[in-house]
Amino acid sequence: MLRRKMMFVAILGLAALSAGQRVWATEQEDQKVLIKSMGAVKVTLQRGLTAAEQQGQPISAKFEVENGKFQLSVYTAKDGKFSEVIVDYATGKVTKVSPITEGDDLTASQAQSAAMEKAKITLKAAVDKAVRGSGGFRPVSVIPDLKDGHAIASVTLLKDKQFKTVQQSLE
């Protein structure tokens, strides 16, 4: 009986490890596609934030690979509702607006909105500060959060194939 339990636990462990490796491999592939796709980007993250303002207050933004497709996604908040705004990374025009009503995206939007309620500067201003003196790094994402009750933004930057994240105060 004990041997069966140990074998079952070992099989579960291997299955979890295998699933983790697949997730890691997918994230690595997405990162490679992101790096390669950034070469075609003509619109800055800051311009994407500005374009999305027509749909509400930007609460996060990122260049990402979603279902194998490269895009510039900006989450916005307006009147207690959240949206994902897709901005064309070549023209800077809004191409799609989708309501966020459930799941992890809603949870993330609520947390990001709470951080932005305490912010005294915009995400665009935070990205501008992070980019200044970065040595040629380009902003790839900006995500606000509350840290010890203070609003901060994590700004991810990219240069060549190197990523770095800068914490920027929003207060």
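Bear in mind that the values in this text are calculations on the coordinates, not laboratory data. Note that the structure is a prediction, hence the values are computed from the model and not measured. Reconstructed Cβ throughout: ideal geometry from the backbone, glycine too, with neighbour counts over all protein chains shown.
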Sort THR44, THR95 by Cβ crowding within 10 Å, fewest neighbours at the top. THR95, THR44
Straight-line reach from LYS69: which aspartates and glutamates fall under 17 Å, measuring Cα to Cα and dropping same-chain residues less than 8 apart? GLU27, GLU29, ASP30, GLU84, ASP88
Rounded to the nearest 0.05, what FRET efficiency do LYS93 and ARG138 give with R0 = 25 Å and r taken as the Cβ-Cβ distance? Could you check? 0.80
Among SER98, SER37, SER109, rank each residue by its count of other Cβ atoms within 10 Å, from fewest to most, as a rough exposure measure. SER98, SER37, SER109
Simple spin-label estimate for ALA40/ILE121, 7 Å along Cα→Cβ, in nm, reads 3.3
Trypsin sites (Lys or Arg not before Pro) within the stretch 94-155: which are DSSP loop residues with at most 13 other Cβ atoms inside 10 Å? LYS120, ARG132
Are there any GluC sites (Glu not before Pro) in the stretch 26-129 that are in a DSSP loop and have at most 16 other Cβ atoms within 10 Å? List them by number. GLU102
Could you run the Karplus curve 6.51 cos²θ - 1.76 cosθ + 1.60 with θ = phi - 60° over the stretch 37-50 and give me ³J(HN,Hα) per residue in whole Hz, x for Gly and Pro? 5, 4, x, 8, 6, 10, 10, 6, 4, 4, 5, x, 4, 5
